[in-house]
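Have a look at the structure below before the remarks.
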Amino acid sequence: MTGVQTCALPISSKNNSGGLIQVTGEEVKLTSTASLDASGATGGGTILVGGSFQNSDPTVRQSRKTIIEGGSILNASAKKKDGDGGTIVAWSDINNPNSVTSAQGTFLATGGLNSGNGGNIETSGHYLSTDSISVNASGLNKSGTWLLDPRSEEHTSELQSHVRISYAVF
């Protein structure tokens, strides 16, 4: 992989909803020290790594390989009392048989402390590994969703009770 950099990307907001972080390319890798923060006071923002939610935006490039190492933190949560969690996507082209998504680390899309819904988290790829991932899409009003969209999947991490899990069926 080329263009490897160590960075923290804060696009959070103290007064509004979080912003948009988009990391794309043929191959994308977030190392164990990566921190992507799109949290916001009134609602979480959007973090797109390797593609858009269910490939719904054709202007967002699809990766062939998306690696998010353990230790990485992706946060699209509502930070204050009220607000909904945002959206986090870890994606590689599900129609390419050479596509791989390895999603580890911590994914947070939580609702506000007093009210709000949990957000949406998607981990998708032709081959998907979610070993050692920690997902939290909790909300006081309604839990969020973790969408696993694999052709084949390896999942060995312990699931947390504050997220609804959806599997795409082809």
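The values are calculated or read from the model by the stated rules, or taken from the named source; none is laboratory data. Since the model is a prediction, treat every value here as computed from it, not as a measurement. Don't worry about glycine lacking a Cβ; one is built from the backbone with ideal geometry, like all the others, and counts go over all protein chains shown.
Of the residues in segment 108-127, not one is surrounded by fewer than 22 Cβ atoms within 10 Å (Cβ to Cβ) and modelled with pLDDT of 95 or more.
Let's see how each residue does on (1) within 20 Å of residue 150 (Cα to Cα); (2) crowded, with 24+ Cβ neighbours inside 10 Å:
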| residue | (1), (2) |
| --- | --- |
| 42 | no, no |
| 51 | yes, yes |
| 65 | yes, no |
| 72 | no, no |
| 75 | no, yes |
| 78 | no, yes |
| 92 | yes, yes |
| 95 | yes, no |
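Output the number of residues of segment 96-113 satisfying the condition of being over 23 Å from residue 58 (Cβ atoms) and not in a strand (DSSP E or B). Adding up the residues that qualify gives 6.
Of the residues making up segment 114-130, those that are assigned to a loop (DSSP other than H, G, I, E, B) and either in contact with a Leu (Cβ under 8 Å, 6 or more places away or on another chain) or within 20 Å of residue 71 (Cβ to Cβ) (or both) are 114, 116, 130.
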